[in-house]
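Since every read-out is calculated from the coordinates, none of them should be taken as a lab result. Just so we're clear, the structure is a prediction, and the values are computed from it rather than from any experiment. Note that we place each Cβ from the backbone using ideal geometry, even for glycine, and neighbour counts take in every protein chain shown.
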Amino acid sequence: MQISYKPGSSFLYSLNPLIKGGLCFVLIMFFSLNGLQLPAMAGSLAMLLLFAVMGRLPLADLLLSIKRIWLLLVIVGLVQGFRGDSFELVPALEGMIRILGVFIAAGCYLTVSPQSELMFFWETIFRPLRLFRLPARELALVMVIAVRFLPVMLSEIDRIRMAQIARGARLGKGGFFSSAAALMPLMIPTLAQAIIRGEELAEAMEARGYRVSGNRTRYHRFGIGFFDVPAGFVALTVAALTVWSRFL
Amino acid sequence: MIILDKVSFRYNEKSETSFKLKEVSFSCSKGSITGVIGGNGSGKSTVARLIAGMIEPQTGIVTVDGFAPFNHIGRCGFLAGIIFQTPDNQIVGTTVAEDLAFGLENLSVSYDEMQVRVRETAARFGLGDMLSTPVHYLSGGQKQLLCIASVMIMQPSWMIFDEPTSHLDPWARDNFWQTVKTFAREHDIGVMVVSQLAEDLHHFEQILAFNAGSLVFNGPIADLRASVEQLPWFRIPDAWKLEKILEARS
Amino acid sequence: MAEKIDGSFGCGRINLLVGRAGSGKSSLLLTIAGFHSEFSGQILYDGAVFQPAGNFSLTFQDPESLFFNTSVGDEVEYSLRMRELAENEITPRAQQWLQRWGLEPEKFYSRHPFELSGGEKRRVALAACTVAMPPVILLDEPLAGLDANGQKALAEMLNQLAREHIVIVVTHEPEVFLHPDSNILFLREGQGSWFSGDDFLRQAVCNRDFYPLPRWYCHALAPFATVSSLPQVNAEAVASFVAREKSHADKL
């Protein structure tokens, strides 16, 4: 149950990537920092889910993926719930709703944003760094390429693992506490292949004319659509609500 | 037309001072498939990279259609595109459309022209309805097609293939040679294939053979066949061996 | 992906697994090795259910990518060490095995694997994966990327191994391995068909769509497609065969 981009169309999909990213950020801040009581928080979470349904997101997948964080939810619930010697349900639930809210907000964002939109958002975020001579667009490109190679790297690690197990390596047992030495047969080949891959890719990119200092045009263009202005207002309202409930 | 004139090249390696290429001169014209053959370390891959403009010769001149390809990007069209062995390590974009557009972005092509060219090139290579497909959903053959399309979209004058068939299945190999022959004959694109496989030999019309950094043969394939005994380093393909044995017996 | 594969891979001769890319050849190897569990049916070894653990070796394309030691010797010995062989037996056995793969231990044992040529690296990798001499040796495209000489030499080596082990090779160059008595499983359109080396050659010679073998071979043998015992795919064998058939025809 992976959270990743699922093609679809609705008002949520049609938002400008900066608005999407901004909304996601504001919602994460809201659920982390708000000073509301339990009924209001539960209501906010319900509204978030309502919007997700209205935006025709595959909610079933999203809710099923909550399974992955059940342990975290339980821990947070217990930590928040035990005040002194007694267990209080209300703070426990508040803590769990916060976590759920952050998780669902991030999940919705990733579900409606294809790679190019994520890249555009990150590129815009990095742009101020250009003052410090950091190449924003190139950094964003590096992130995109890393993500694009993830499935390739995963299947390669798998193949290396299987072949080394056939040689007698003890991988896949011992889990988290396997010693570094035991993992060498997996890590070294993976690293070596990653370096080789990086070199070959860099060559291929240069061969297709890529130059860091060059004037590159863009294939993707993102405009402002009908829903972007209301969505912007919603983001501002949520931000204001966060500040008001927390500090005032 | 590709011209190399007394070109020498050496990688900056601390261990050896040997030259990767020593005073190599030759010319190739469009219309026929040129094969570059030789063993490992013969310099054939270096020649491919020089022509593609990825490296610059220490001495001598490399020109493609009259221009030096090194750092030539964009000025007067894209000179020579090169496709390497592993398709996966050449695909940059996350979707088919993004990878096709990558080269055009580098050439500073305008937004409108890019949209048109991406659509047309995708259609031409049978990827027309896969524009938003993530790249890791493509099969091996489709990936290689995407690599070729992504270079062809830049409208190069020459296409260089560096060991293109070694990881393909036999049907894909047949398809590849079909595609390549179409380029050479119908589309006015110069084709050069670097290969060390004996069975690729019969596809070539012109042969450039390298050994230890020197050009040891330059001419049509028929001449190579006739003078094969004078080339001790050359591994004679089974097809030629068979003909020779049968001739000798009859 | 594929259905109703019914048959056997044995030792004594090499087993080849061929088919288009994506036809399930690698998945079948993984299933035999026990890494792929979504299958129905049984994999039997000597009549009992096959227990892969410790009984097989597996290599994928470019097995050189598995190197993680600083010397060829360490690389080859690794498998023996992990199987906890007696310490004084490990090095002699590893050296012997390396020798069998055509690399003299004196010259290669202490060298760094990355210093070797492509063909040498391939041999070291294959030696390192098979040194424990398991009964089942699974290889996925072991010859990919080698030049013709390298391919022929390694194919010879694998054919020799096949005499005492069950060697199953996924390959796109069956012509390099083929002997008339080789066992071939051809996966196509979700079905598996079994052929002896001879049948396979015959079908391929008559019909290029069946399997594209080198064109020179098909042209030379097209007139003899009905003769049993087609020759191996190299110039000398074909020449002798053609000469023999011609003189045969002349006599009649």
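For the pairs B:Lys244/C:Lys246; B:Lys30/B:Lys181; A:Lys20/A:Lys67; B:Lys181/B:Lys241, note any where the Cα-Cα span goes beyond 20 Å.
Working: B:Lys244/C:Lys246 17 Å; B:Lys30/B:Lys181 12 Å; A:Lys20/A:Lys67 25 Å; B:Lys181/B:Lys241 26 Å.
Those over the limit are A:Lys20/A:Lys67; B:Lys181/B:Lys241.
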Helix C:87-100 vs. chain C, principal-axis angle (Cα, 0 to 90°, nearest 10): 30 degrees
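Taking each residue in B:101-110, count the Cβ atoms of any other chain within 10 Å of its Cβ, then average. What number comes out? Working shown, then result.
On the way: counts 4, 8, 5, 5, 10, 10, 6, 5, 3, 1.
Mean partner shielding for this stretch: 6.
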Given unit charges at Cβ for Lys, Arg (+) and Asp, Glu (-), the dipole magnitude of chain A about its Cα centre in debye, nearest 20, is 420 debye
Return the FRET efficiency for the residue pair A:Ser10, A:Val234: r is the Cβ-Cβ distance, R0 is 25 Å, and the value is rounded to the nearest 0.05. 0.95
Local electrostatic count at C:Arg83 - Lys and Arg +1, Asp and Glu -1, tallied over other residues with Cβ under 12 Å: +1
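Which value in deg cm²/dmol, rounded to the nearest 500, describes the helix-derived mean residue ellipticity at 222 nm for chain B, given -39,500 (n - 2.57) per DSSP H run of n ≥ 4 and division by the residue count?
Values: 7 runs with 81 residues, N = 250.
Theoretical 222 nm ellipticity from helices: -10000 deg cm²/dmol.
Going by C-beta contacts inside 10 Å, put B:Cys28, C:Cys218 in order with the fewest on the left.
Ranking B:Cys28, C:Cys218 by Cβ neighbours within 10 Å, fewest first, gives C:Cys218, B:Cys28.
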Determine the shielding of peptide B:168-174 by partner chains: average, over its residues, the number of Cβ atoms on other chains within 10 angstrom of each Cβ. 6
Which of B:Ser45, B:Ser250, C:Ser110 has the fewest other C-beta atoms within 10 Å, and how do the rest follow up to the most? B:Ser250, C:Ser110, B:Ser45
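Loop only by DSSP, 15 or fewer other Cβ within 10 Å of the Cβ. Give me the chymotrypsin sites (Phe, Trp or Tyr not before Pro) in region B:180-241 that pass, ordered by residue number.
Listed in order of number, the matching sites are B:Trp233.
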Only helical DSSP H runs with n ≥ 4 go in: add -39500 (n - 2.57) per run for chain A, normalise by residue count and round the 222 nm mean residue ellipticity to 500 deg cm²/dmol. -23000 deg cm²/dmol
For the B:Ser132, C:His248 Cβ pair and Förster radius 45 Å, calculated FRET efficiency rounded to 0.05 is 0.15
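Quick one: net charge around A:Gln193, please, counting Lys, Arg +1 and Asp, Glu -1 for every other residue with C-beta under 13 Å from its C-beta.
Working: positive: A:Arg159, A:Arg161, A:Arg197; negative: A:Glu156, A:Asp158, A:Glu199, A:Glu200, B:Asp88, C:Asp62, C:Glu64.
Around A:Gln193, the charge tally is -4.
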Of the DSSP H helices in chain A, the ones reaching 20 Å or more along their long axis in Cα terms and averaging at least 1.0 in Kyte-Doolittle hydropathy are A:17-33, A:38-54, A:89-112, A:136-166, A:228-247
How large is the charge dipole for chain B, taken about the Cα centre, if only the Cβ atoms of Lys, Arg (+1) and Asp, Glu (-1) carry charge, to the nearest 20 debye? 500 debye
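Within a Cβ distance under 15 Å of B:Ile3, other residues only, what is the Lys/Arg minus Asp/Glu net charge?
Working: positive: B:Lys6, B:Lys30; negative: B:Asp5, B:Glu23, B:Asp65.
Net charge in that neighbourhood comes out at -1.
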With the charge dipole of region B:94-155 built from beta-carbon charges (+1 for Lys and Arg, -1 for Asp and Glu) about the Cα centre, the Cα from B:Val135, B:Ala97, B:Leu107 projecting farthest to the positive end belongs to B:Val135
Taking the Cα centre of region C:195-252 as the origin and placing charges on Cβ (Lys, Arg +1; Asp, Glu -1), which of C:Leu213, C:Phe200, C:Ala235 is farthest toward the positive end of the dipole? C:Ala235
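Please report the antiparallel percentage of the DSSP beta bridges confined to the protein assembly as shown, to the nearest 5. Mind dumping the intermediate values first?
On the way: 28 of 65 bridges.
Of those bridges, close to 45 percent are antiparallel.
How large is the helix-only mean residue ellipticity at 222 nm for chain C, computed as the sum of -39500 (n - 2.57) over DSSP H runs with n ≥ 4, divided by its residue count, in deg cm²/dmol to the nearest 500? Walk me through the numbers on the way to the answer.
Numbers: 10 runs with 103 residues, N = 252.
Using -39500 (n - 2.57) per qualifying helix, the result is -12000 deg cm²/dmol.
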Does chain A come out rounded, prolate or oblate by the C-alpha gyration tensor, with a ≥ b ≥ c the root eigenvalues, rounded set by a/c under 1.5 and, if not, prolate when a/b is larger than b/c and oblate if not? oblate
For the pair C:Ser228 and B:Lys181, the simple spin-label estimate (label points 7 Å beyond Cα toward Cβ) gives in nm 3.7 nm
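How high is the relative contact order of region A:28-160? Use alpha-carbon pairs under 8 Å, at least six apart in sequence, and give a whole percent. Write out the running numbers ahead of the final one.
Numbers: 81 pairs, mean separation 31.9, N = 133.
Relative contact order for region A:28-160 comes out at 24 percent.
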Count the DSSP beta bridges whose two residues both fall in chain B, then state the antiparallel fraction as a percent rounded to the nearest 5. 50 percent
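Which whole-number percentage describes the relative contact order of region C:65-133, with Cα contacts under 8 Å and a sequence gap of 6 or more? It would help to have the intermediate numbers written out before the result.
Values: 72 pairs, mean separation 32.3, N = 69.
Here the relative contact order equals 47 percent.
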Relative contact order (%) - chain A, alpha-carbon pairs under 8 angstrom, separation at least six: 35 percent
Any aspartates and glutamates with Cα under 16 Å of the A:Lys6 Cα? List them, leaving off those in the same chain fewer than 8 positions away. A:Asp61, A:Glu117
If the reach is capped at under 23 angstrom between alpha carbons, list the lysines near C:Lys121, excluding any in the same chain fewer than eight residues apart. B:Lys14, B:Lys20, B:Lys44, C:Lys107, C:Lys152
Using a simple charge model, +1 on the beta-carbon of Lys and Arg, -1 on the beta-carbon of Asp and Glu, nothing else, what dipole does region A:136-207 show about its Cα centre, in debye to the nearest 20? 520 debye
Long-range HN-HN contacts of B:Val36 with modeled amide H, under 5 Å: B:Val193, B:Val194, B:Ser195, B:Leu208
1/(1 + (r/R0)^6) with r = Cβ-Cβ of A:Gln37 and C:Arg81, R0 = 60 Å, i.e. FRET efficiency to nearest 0.05, evaluates to 0.40
What is the Cα centroid distance between region C:49-96 and region A:1-69, reported in whole angstrom? 51 Å
Linear extension gain, A:Phe51 paired with A:Leu150, 0.36 nm per residue minus alpha-carbon span: 32.6 nm
Simple label model, 7 Å out from Cα along Cβ direction - B:Leu246 to A:Ser245, nm: 8.6 nm
Using alpha carbons only, how many degrees (0 to 90, rounded to 10) separate the axis of helix B:238-249 from the longest principal axis of chain B? 30 degrees
Compute the acute angle (0 to 90°) between the alpha-carbon long axis of helix C:235-251 and the principal axis of greatest extent of the alpha-carbon atoms of chain C; round to the nearest 10°. 30 degrees
Residue by residue through C:53-59, how many Cβ atoms from other chains fall within 10 Å of the Cβ on average? 3
Starting from the 7 Å offset along Cα-to-Cβ, what nm value, one decimal, do you get for the label separation of B:Val216 and A:Lys67? 6.3 nm
Between rounded, prolate and oblate, where does region B:119-230 land on the alpha carbon gyration tensor, with a ≥ b ≥ c its root eigenvalues, rounded for a/c under 1.5, else prolate if a/b exceeds b/c? prolate
